[in-house]
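Have a look at the structure below before the remarks.
Each value in this text was obtained by applying a stated rule to the coordinates, not by laboratory testing. The shown structure was predicted, so the numbers you read here are calculated from the model rather than taken from an experiment. Heads up, the Cβs are rebuilt from the backbone with ideal geometry, glycines too, and the neighbour counts pull from every protein chain shown.
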Amino acid sequence: MNNSFGRFILPINPIFADKTEINQDHDQSTTNMSDEEMYGNYCRIIESDEQWSEIITHYGYHGYVRSCCLEKLDDEEYILSNKQHKMLTFQHKTDVLSVASVRGVLLISLPAGSVLDISEINEETGWTSVKLCDGRIGYVRGHSLIPKLYNEGYLKESPQYVVDLLKEKDRFSIGGNKNFNFQEILDTNYDGDEDAFRQKLIDNSKFYLGLQYRWGGRSTDGIDCSGLVNMAYLLSGIQIFRDSRICNGFPLKRLSPEHYDGKMLCDDIRLGKIRVGDTIYFPGHVAIYMGEWRYIHSTAYKLSCGVVINSLNSEDPDFREDLFDIIYAVGGIR
């Protein structure tokens, strides 16, 4: 296995389940895209040739990207690059301009979740100078940026260890990561206040409200159900599993009882056992619980396609009985 690193250099970088291109020669009717990664984020490169690179993302997702999506870094380059002061873009689109003026030439336009190296923050003018992956200096409005709260945790693991984790397909996995320290996250980013963390989760998920559903999407161009949950947690400082199930070796744990159904979930809501920011699992689907019977999710449902809020209360007009009846698990961090 290759021990080199990579940095994504396109605004949005499709990640595929295998090396088959989308709709190659127009002979495929469905997409092979399984994920997306945004500009400036890092990955581990397992194998690479002129066309394709097999990678593991910093949040532990395994797949393939076109090699032209990546800037390749050796260990020393990765360490030096990772020491730079970094922030995330947090608008649906953030333009990086050639000068600190709205009349600057557009260098690149980035979706939310892109990583930029910060050169200088000018609070007086409201402009922040940034260094792009190709070395150019550009300028963005300071209000377009938020702190980068997560680190590249899964790049520190052996690539084979991560690949082996993902081979487990049991949707009833208990989850959890023995090396994860929730209290450290709270102390570092939220002054120890867990309620502040949970509110941040909801605020981050609501940022995507109204976006279209896109299979494999994780950007503000379009997002799927697990992409939404993954980004809400990531922007809040925690790397969780990318797909719509609980996986061992990642922070989210399956909460008791062992298997849910709608009635048990309602009992736990009444008893306060399910908390704001917990995840609700359905076969092939996942949502975030918002409190007061509400949950947010990205759905391909014909009547409300995209990122929407629905209710677990059968008396509400936006109650989804089809989903309520097939709830099988709730995940959370405790």
CD proxy, 222 nm, the chain: helix-only mean residue ellipticity via -39,500 (n - 2.57) per DSSP H run with n ≥ 4, per residue, nearest 500, stands at -5000 deg cm²/dmol
May I ask which residue of Asn181, Ser48, His62 lies farthest towards the positive end of the charge dipole of the chain, with charges of +1 (Lys, Arg) and -1 (Asp, Glu) on Cβ and the Cα centre as origin? Asn181
Peptides 82-92, 230-240: what's the order by average Cβ count within 10 Å, highest mean first? 230-240, 82-92
Considering the options Ile280, Phe16, Tyr161, tell which one lies farthest towards the positive end of the dipole of the chain, charges being +1 on Lys and Arg and -1 on Asp and Glu at the Cβ, about the Cα centre. Ile280
So how do 53-60, 279-286, 315-322 stack up, highest first, on mean other-Cβ count within 10 Å? 53-60, 279-286, 315-322
On a 29 Å Cα-Cα criterion, which of the cross-link pairs Lys200/Lys253; Lys83/Lys253; Lys178/Lys273; Lys72/Lys148; Lys72/Lys167; Lys148/Lys169 come out too long? Lys83/Lys253; Lys148/Lys169
Can you give the percent of C-alpha pairs in the stretch 152-224 whose distance is more than 16 Å? 70 percent
What span do the alpha-carbon atoms of the chain cover on each of the three principal axes, reported in whole Å from largest to smallest? 56, 47, 42
Taking the alpha-carbon centre of each part, the distance from the stretch 211-246 to the stretch 127-164 in Å is 17 Å
Using alpha-carbon coordinates alone, the radius of gyration and Dmax of the stretch 170-332 in Å work out to 14.8, 43
Set of lysines with alpha-carbon distance to Lys302 below 25 Å, sequence-local pairs under 8 removed: Lys206
What is the dipole size for the chain, taken about its Cα centre, with +1 at each Lys and Arg Cβ and -1 at each Asp and Glu Cβ, in debye to the nearest 20? 380 debye
